[in-house]
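A short worksheet on the structure shown next.
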Amino acid sequence: MIPAFFKPAVRNLLRDKTNALISIIGLAAGMACCMLIGINIHDELSYNRFNNGINEIYRVNWITKDNSGISAGASTPVPFSQNLQAKIPDIEKLARIYQRSGEMESEDPVGGGKERFQEQGIYFADNDISNVFSIHFQEGDSNTALTYPNTVVITEETGHKYFGTDNPLGKTLLYENKWPLKITGVVEKMPLNSDIKFDFLISFETVFSVETPAFAEFVRNDWTFTPCETWIRLRPSGNVEKTAQALNRHLQENGSVRNHEMNTVRLQSLNDIHLRASSVIGNESSSDISYLYIFAGIALLILLIANINFINLSIAQSIGKIKEVGIRKILGAEKKQIVAGFINTTLFTSFIAFLIALVLTGLTLPVLNQLTGKQLGWISLLNIRLLILFTVVFFTTSLLAGLYPAFFIIRFNTVLALKGRSGDPKKKNRIQKILLTTQFVVSILLITATGIIFQQLQFLRNKPLGFQKQQMLVVPIFGTGAFSFGQKVDSSVRRRMNVFYDALHSYTKINAVTASSEMPGQGFIRGLIVPQGRSDQDNLFAPWLSVDYNFIRTMKMEIVSGRDFSKTMGKDFLNAFIINESAVRSFGWQKSENAIGKTFVRGKLSDGKKGQIIGVVKDFNFNALNNPMEPLVMDVNPPRFTEFAISIHPDHVPETISQVKKTWEKIFPERVFEYSFLENDINAQYKDKENFSRIIEWFAGIAILLSCSGLFSLALFMALKRAREIGIRKVLGAGVIRILRLLSADFIKIVLLASAIASPVAWYLMSNWLEQFAYHIQMTWIFFLAGPVIALLLSFITVGYQSLLAALVNPVKTLRSE
């Protein structure tokens with residue numbers, strides 16, 4: 001049953017089904033866009049909020065000032081946290097976490113065999129981690145679970161993965177094929193909106209058991225190596241600034257001389273690590289608060305476009321009700337009654353659009369999930385805050401869309417209204433044209449931004465990087481992920497690597513095989529260097545890459561001076577270095593040939609690796625293109641190798657991968673075979689920006705479609721308003737083309753004006769966006785032509801259709817009442 005006060009609204013909608021449908025669909029689309037963006041923003045803002053006492057939880061960021069500038073890192077040295085709780089009373093709890101990959105193995109309780117997986121979600125953690133973060137234990141004692149070495153806490157899902165339905169508490173997992181870990185706790189999986197996610201928590205002291213004695217001692221005592229995050233929970237009465245000052249005093253009192261010169265620490269709230277820490281090296285999240293502001297602005301602009309459409313179409317429809325309004329005024333109807341009738345119709349229409357918007361939002365959530373990599377579901381719509389937001393959107397939209405048309409129509413002169421005229425036909429409707437111009441400013445702005453973002457991402461994908469990235473298969477030696485404790489290329493592994501090389505070279509579809517410590521795009525470890533003419537006190541640091549003898553040839557890099565590494569020289573693995581062109585300039589040696597033969601030390605002068613520079617490689621982009629080129633040092637150091645790089649033919653790729661896998665399982669049977677393509681790994685650096693681009697593309701398309709429907713409504717309005725003029729012109733001999741030109745001229749002016757406004761705004765905004773890239777496209781006039789051209793073409797189609805209908809109307813019908 002439809003309530004009686006809504007029946008007039010239903011009748012009004014049924015009178016003009018086409019315009020009613022356009023109004024409802026346009027408004028529903030605008031609301032749905034606003035809801036989708038609202039859901040995404042709400043999810044982003046909810047990250048880590050489930051942690052009890054989140055305002056007391058802080059991460060210690062490690063601030064470094066060296067030759068490359070000032071940088072912030074999410075991790076600290078292991079000895080930094082020693083005795084902190086005893087020294088600083090405001091620290092209630094402290095936990096270090098150290099993320100690592102590795103193989104895990106267990107006995108299969110059902111089949112009697114073994115389950116073995118390469119795992120990424122492994123953290124070595126202090127026992128107080130569950131007192132810092134809200135980790136909920138299902139089995140075991142949270143107070144003692146990670147107190148002793150060789151103990152592990154797993155999630156419920158991980159327990160099912162390794163032990164089926166059996167209770168995993170007390171069972172054993174084998175880590176990295178060597179170290180048994182006793183399961184002392186089972187916890188709930190961390191929520192999806194958590195930046196701290198794990199499958200395994202291994203007691204932190206186990207770090208020193210699984211590593212070689214020499215390196216374990218280094219990790220335990222060195223203040224330059226920063227492998228672990230340090231999290232603290234302050235007491236409710238704790239002072240953040242005083243605690244930060246105390247932490248810096250601790251660093252100055254206990255760190256090395258180099259720490260005193262180069263390092264400070266800073267506390268960052270858990271509240272901020274998701275959206276305000278993307279520049280912190282090693283931060284768990286790459287999200288940025290600025291993108292949320294952009295999305296919120298887009299949501300409001302699209303909702304504004306939808307409202308403008310609704311207003312314009314309502315005004316156009318009101319022209320047909322002029323006589324009805326005039327009669328109602330003569331019969332004594334008050335203005336507030338007429339306004340109430342329009343508001344009533346608008347509320348009913350908006351309510352229908354609101355219901356459709358809810359359905360559209362639910363149906364398009366999978367698209368949003370695909371663009372953002374999230375797992376949002378229908379339940380997201382039932383959040384109380386979002387429901388309040390949607391309700392505000394509904395009522396705001398209804399009032400905006402209903403009040404102006406109502407007050408527009410009650411201003412009509414009663415006598416003119418009875419004649420079916422709204423006033424002087426030559427009088428321009430400035431408000432509607434301003435609104436339409438606003439629509440096209442937004443649409444052209446989004447189209448221009450979409451084009452520039454798309455071209456920049458294409459540039460990032462296709463820019464020559466100075467090495468071979470296509471058809472390059474990457475196979476990790478010790479598993480995908482962070483460097484694994486307790487694993488290095490010793491003499492035994494090196495012999496098997498050589499067997500692996502020889503076996504793969506026998507396959508005709510494999511061009512070359514090499515190995516290195518990292519691959520371009522993964523980020524290289526920075527180390528202390530002392531080039532000739534410098535000293536330790538200069539504190540020069542540079543990225544350091546260890547490679548096999550044939551790495552430069554396999555990756556198709558170019559030696560510009562000197563020579564490549566060579567086994568025939570006998571001692572290149574002991575004392576040879578190759579640097580890039582940026583290093584030559586940074587060290588003040590001017591030309592590449594001047595660097596050859598210069599002495600060089602990686603590490604301290606007293607105990608570092610000493611040698612000479614034998615070659616200079618042409619600069620290649622080993623970092624993301626957001627970053628400028630840096631000095632780079634390369635040496636031959638097999639113990640640091642972590643990955644194979646295999647150059648393969650582009651044809652029969654699946655068969656080639658299968659052959660590589662068979663060879664791997666034969667030579668490295670204790671390790672799980674994994675692989676990726678270097679090109680995909682490099683492109684993954686820009687995943688967030690590509691998602692951002694796709695979202696902009698979607699909403700730009702919606703904005704231009706809504707703008708065209710707004711153009712349709714205004715064209716309809718102008719045709720109705722100038723119907724008498726058109727009729728007279730046709731009687732006097734005006735043809736269809738002339739009528740089309742007459743009705744289209746104003747709209748072309750609107751689009752051109754919108755272009756003139758949108759272009760400088762787009763230039764300013766996109767110039768700022770491009771500045772975040774060290775390498776980017778140059779914006780030319782062609783980028784600012786696409787938006788106006790698309791808008792003009794769609795305007796011609798939209799206005800042309802409506803104008804053609806008006807031009808073909810029999811003038812007798814128009815002039816009959818005159």
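The values are calculated or read from the model by the stated rules, or taken from the named source; none is laboratory data. What you see is a predicted model; the values in this text were computed from it and never measured. Please note: Cβ atoms are built from the backbone with ideal geometry, for glycine as well, and neighbour counts cover all protein chains shown. Side chains are part of the model used for accessible areas, which takes the heavy atoms of the whole protein and leaves out ligands, DNA and RNA. Shrake-Rupley method; radii C 1.70, N 1.55, O 1.52, S 1.80 Å.
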Cβ-placed point charges (K, R +1; D, E -1), dipole of the stretch 121-224 about Cα centre in debye, nearest 20: 220
Gap in Å between the Cα centre of the stretch 624-656 and the Cα centre of the stretch 773-793? 35
Sorting 798, 226, 155 on solvent-accessible surface, 1.4 Å probe, most exposed first, gives 226, 798, 155
Part-to-part distance (alpha-carbon centres) for the stretch 586-606 and the stretch 349-395, which is given in Å: 60
Residues of the stretch 217-259 with amide N under 14 Å of the 7 Å Cα→Cβ point at residue 537: 257-258
Accessible area (Å², 1.4 Å probe, nearest 10) - residue 538: 70
Contact order relative to length of the stretch 574-722, as percent, for alpha carbon pairs under 8 angstrom and 6 or more apart: 20
Answer rounded, prolate or oblate for the stretch 62-214, using the Cα gyration tensor with square roots of eigenvalues a ≥ b ≥ c: rounded when a/c is under 1.5, else prolate when a/b is larger than b/c, else oblate. prolate
Treating only the Cβ atoms of Lys and Arg (+1) and Asp and Glu (-1) as charged, compute the dipole magnitude of the stretch 40-177 about its Cα centre; round to the nearest 20 debye. 500
I want the local charge near residue 238. Using Cβ-Cβ distances under 13 Å, sum +1 for each Lys or Arg and -1 for each Asp or Glu among the other residues. 0
Suppose R0 equals 25 Å; then what is the FRET efficiency for residue 82 and residue 574 from their Cβ-Cβ distance, rounded to the nearest 0.05? 0.10
Per 0.36 nm of contour for each residue apart, how much would the distance between residue 461 and residue 605 grow if the chain were fully extended, relative to their Cα-Cα spacing? 47.8 nm
The answer for the per residue Cα convex hull volume of the stretch 225-278, in Å³, is 111
Estimated FRET transfer efficiency when R0 is 35 angstrom, pair residue 797-residue 359 (beta carbons, to 0.05): 0.75
Could you compute how much accessible surface residue 90 exposes when probed at 1.4 Å, giving the result in Å² to the nearest 10? 40
Can you tell me the order of 263-276, 138-151 when each peptide is scored by its average per-residue count of other Cβ atoms within 10 angstrom, highest first? 263-276, 138-151
For 648, 294, write out the residues from largest to smallest accessible area, computed with a 1.4 angstrom probe and no ligands counted. 294, 648
At R0 = 25 Å, FRET efficiency that the Cβ-Cβ distance of residue 492 and residue 257 yields, to 0.05: 0.05
Where q = 0.16, 0.18 Å⁻¹, what log10 of I(q)/I(0) comes from the Debye formula for the stretch 486-619, counting one point per Cα? -0.91, -1.12
Please calculate the 1.4 Å probe accessible area of residue 563, with all protein chains present, and give it to the nearest 10 Å². 80
For the stretch 191-249, rounded, prolate or oblate, judged on the Cα gyration tensor with a ≥ b ≥ c (square roots of eigenvalues), a/c < 1.5 rounded, else prolate if a/b > b/c? oblate
Could you sort 297-304, 777-784 so that the peptide with the highest average Cβ count within 10 Å comes first and the rest follow in order? 297-304, 777-784
Counting Lys and Arg as +1 and Asp and Glu as -1, what is the net charge of the other residues whose Cβ lies under 15 Å from the Cβ of residue 53? +1
If you stretched the chain out fully between residue 192 and residue 136, how much longer would it get, using 0.36 nm times the residue separation minus the C-alpha to C-alpha distance? 18.7 nm
Any idea how far the Cα center of the stretch 472-548 sits from the one of the stretch 137-153, in Å? 36
Could you list the residues of the stretch 53-69 with an amide nitrogen less than 13 Å from a label point located 7 Å from the Cα of residue 774 in the Cα-to-C-beta direction? 68-69
Give the relative contact order (percent, whole number) for the stretch 69-181; include only Cα pairs under 8 Å separated by 6+ residues. 26
The stretch 443-540: projected area of the alpha-carbon convex hull, averaged over directions, in nm²: 12.6
Do me a favour and compute the ellipsoid semi-axes for the stretch 562-649 from its Cα gyration tensor, root of five times each eigenvalue, largest one first, whole Å. 20, 20, 14
Packing-based order for 544-557, 616-629, 162-175, using average beta carbon neighbours within 10 Å, highest first: 544-557, 616-629, 162-175
Ranked by accessible surface with a 1.4 Å probe, highest first, in what order do 585, 96 come? 585, 96
Environment charge of residue 187, counting only residues whose C-beta is closer than 9 Å and scoring Lys/Arg +1, Asp/Glu -1: -2
